[in-house]
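The values are calculated or read from the model by the stated rules, or taken from the named source; none is laboratory data. Because the structure is a prediction, the values reported are computed rather than measured. Note: ideal-geometry Cβ built from the backbone for every residue, glycine included; neighbour counts use all protein chains shown.
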Amino acid sequence: MPGMEAEILSIGSELTSGQTVNTNAAYLARRLREAGFDCPRQAVVADERTLIVQSVREALRRSRLLLITGGLGPTFDDLTMAAIAQATGRRLVLVPAVARRIRAFCRRHQRSLTTPALRQAYLPQGAAALPNPIGSAPGVWLALGGTILVALPGVPQEMRAITEASVLPRLRRRTRRAPIRSRTLRTVGVVELEIQRLLKTVPVPAGMALGLYPNLRAVDVCLTMRGSSSQASRRALRAVERAIRARLGAAVYGLDEQTLESVVGGALVARHKTLAVAESCTGGLVSDRLTNVPGSSRYLLAALVAYHNRAKQEWLGVPGGLLLRDGAVSAPVARAMAQGIRRCAGADVGLAITGIAGPGGGTPAKPVGLVYLAVADARGSAVERFRFQGERAAIKGQAVQMALNLLRKRLLRRR
C-alpha cells in the first residue's frame with residue numbers, strides 16, 4: 001500500500017449535535033500516523049442512512065484506506081452495516097461464527113438473546129469479522145480491490161480494543177511504509193508564544209515537523225518524522241528533544257502520554273511522600289485528577305472540599321480572625337489551608353486552593369479568576385497567586401493545572 005492515505009468517517013447524531021466529543025477520530029488518527037499512514041481528511045455524519053451511504057462512496061473514491069466508527073450496535077439507529085453494504089453494492093449475509101460469539105457474549109453477561117442483537121452477525125458479503133474482545137458488535141475488514149474499508153464500533157473502549165488487536169497488525173502486514181515516529185514533550189506554565197520564541201534557535205532537520213498544541217496552561221511540543229529507517233528517525237528525534245529540553249528546562253514535565261498527575265504521583269512515590277489536599281473553588285477536581293492515576297492510594301491520604309468558611313475553620317483550623325481580616329481568597333488563608341490539611345491528615349505534603357471561579361462573587365479588589373495556591377511540607381510553605389481568564393469551568397481547570405504544577409515544582413526542589 002505505498003503512498004496510501006487514510007480517511008476517518010465518524011458516524012453518530014450525538015457527534016454532529018455536539019452532545020459527545022469525538023475522541024475516537026483523534027485516537028485513530030494518532031495510531032494511524034504512528035503506523036505510517038497520513039490522515040489528511042476526517043468527516044462526521046449523523047445517523048441517516050442516505051448521508052452515510054453518500055459519505056462512504058465519496059471516501060472510497062478518494063482514499064485507499066477508510067476507517068469508519070459508530071453505528072454497529074443492535075439499536076434502530078445503528079445503520080452503518082446496511083449503509084456499507086448499499087454503498088459497496090453487496091448483500092448483508094449471516095456469518096455463523098459471529099452469531100455464535102454474540103450468543104456466547106449474551107450468556108456470559110446474562111442477557112437475553114434478541115433479534116436486534118443477532119442483527120450484528122450480518123456483514124457485507126466478503127467482509128471479514130474482527131473479533132470484539134469486550135463487546136458484542138464485531139469490527140469489519142472489507143477488501144475492495146486496492147482499497148481497504150474498516151468499520152469499528154463507536155464505543156471507545158471497544159473501538160480501541162479491536163484496533164489494537166486486529167486492525168493495526170493487519171495494516172502493518174500489508175505495508176512496508178516507514179513508520180512516522182513522534183515524540184511529544186509536555187510543558188506547563190509557559191505560554192505558546194514564549195515557547196515559540198525559545199525554540200526559534202532549535203535546529204530541526206529536513207523531514208521533521210514541529211508543532212505546538214496549547215491547552216489550559218499547558219502546551220504540547222510535538223515532533224514527527226518519517227525517516228529512511230526507524231533507527232535514524234529515533235536518533236534525530238532524540239537530538240531535537242535534547243535541544244528543546246535545554247531551552248525549556250523545568251517547564252517540560254513529561255513525555256508522550258504522561259499526564260501532570262501521573263508525573264506528580266511518580267515523584268511522590270519516588271520520594272516516599274504522602275499528600276493531602278484541601279480545595280475550595282475547584283470543588284474536588286484536584287483530587288479527581290490525582291485519583292485518575294492507578295495506585296494513587298499509595299500517596300494520597302485525604303482530600304477535603306472546604307467550601308464554606310466554617311469548614312475552613314472547623315476542619316482545617318484556619319483562624320477566624322484570618323478569614324475576617326484577609327478574606328477566604330487570600331494568600332494567608334491558602335497557606336493556612338495547606339498547613340491545616342497536612343496536619344489533619346498526617347501527610348508529608350499539604351496542597352490547597354482557594355479562589356473566585358465566577359461568574360459572580362468578584363470585586364475590584366478581588367476579581368473573578370483570582371486564585372491562590374499553597375503547598376506546605378516539613379520545609380515550610382509556599383503560595384502562588386494567579387488571575388485566570390475565561391468561564392467558570394476554564395478558571396477551575398487552570399487552577400487545578402497550576403496547583404499540580406506547584407506541587408511538582410515543590411517535589412523537584414532538593415532543599
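Listing for the model above:
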item	result
Tabulated pairs, the range 361-374, first more than 24 Å from residue 404 (Cβ to Cβ), second of a type in the set (A, V, I, L, M) and crowded, with 20+ Cβ neighbours inside 10 Å, C-beta under 6 angstrom, 6+ apart or interchain	362/356; 362/368
Neighbours by Cβ (under 6 Å, 6+ apart or cross-chain): first from the range 167-190, of a type in the set (A, V, I, L, M, F, W, C); second outside any helix (DSSP H, G or I) and modelled with pLDDT of 85 or more	167/150; 180/224; 185/221; 185/252; 188/218; 188/253
Residue match in the range 87-97 (condition: modelled with pLDDT under 95, part of a loop (DSSP other than H, G, I, E, B) and out of contact with any strand residue (DSSP E or B) (no Cβ under 8 Å at 6 or more places or on another chain))	no
Some residue of the range 177-189 being aliphatic (A, V, I, L, M), crowded, with 17+ Cβ neighbours inside 10 Å and modelled with pLDDT of 90 or more	yes
Pick from the range 331-369, criterion farther than 22 Å from residue 288 by Cα and within 33 Å of the chain's Cα centre (by Cα), ranking: surrounded by the most Cβ atoms within 10 Å (Cβ to Cβ)	368
Hey, residue 233 touching an Asp or Glu at 6+ places or on another chain (Cβ under 8 Å), of a type in the set (Ser, Thr, Tyr) and at pLDDT below 95 or not	no
Selected residue (only one of 91, 62, 107 is charged (D, E, K, R), without any contact (Cβ under 8 Å) to a residue 24 or more places away in the chain and loosely packed, with under 15 Cβ neighbours inside 10 Å)	107
Strands (runs of 3 or more DSSP E) within the range 140-252 that include 2 or more residues within 23 Å of residue 262 (Cα to Cα) and not hydrophobic (A, V, I, L, M, F, W, C)	180-188, 208-215
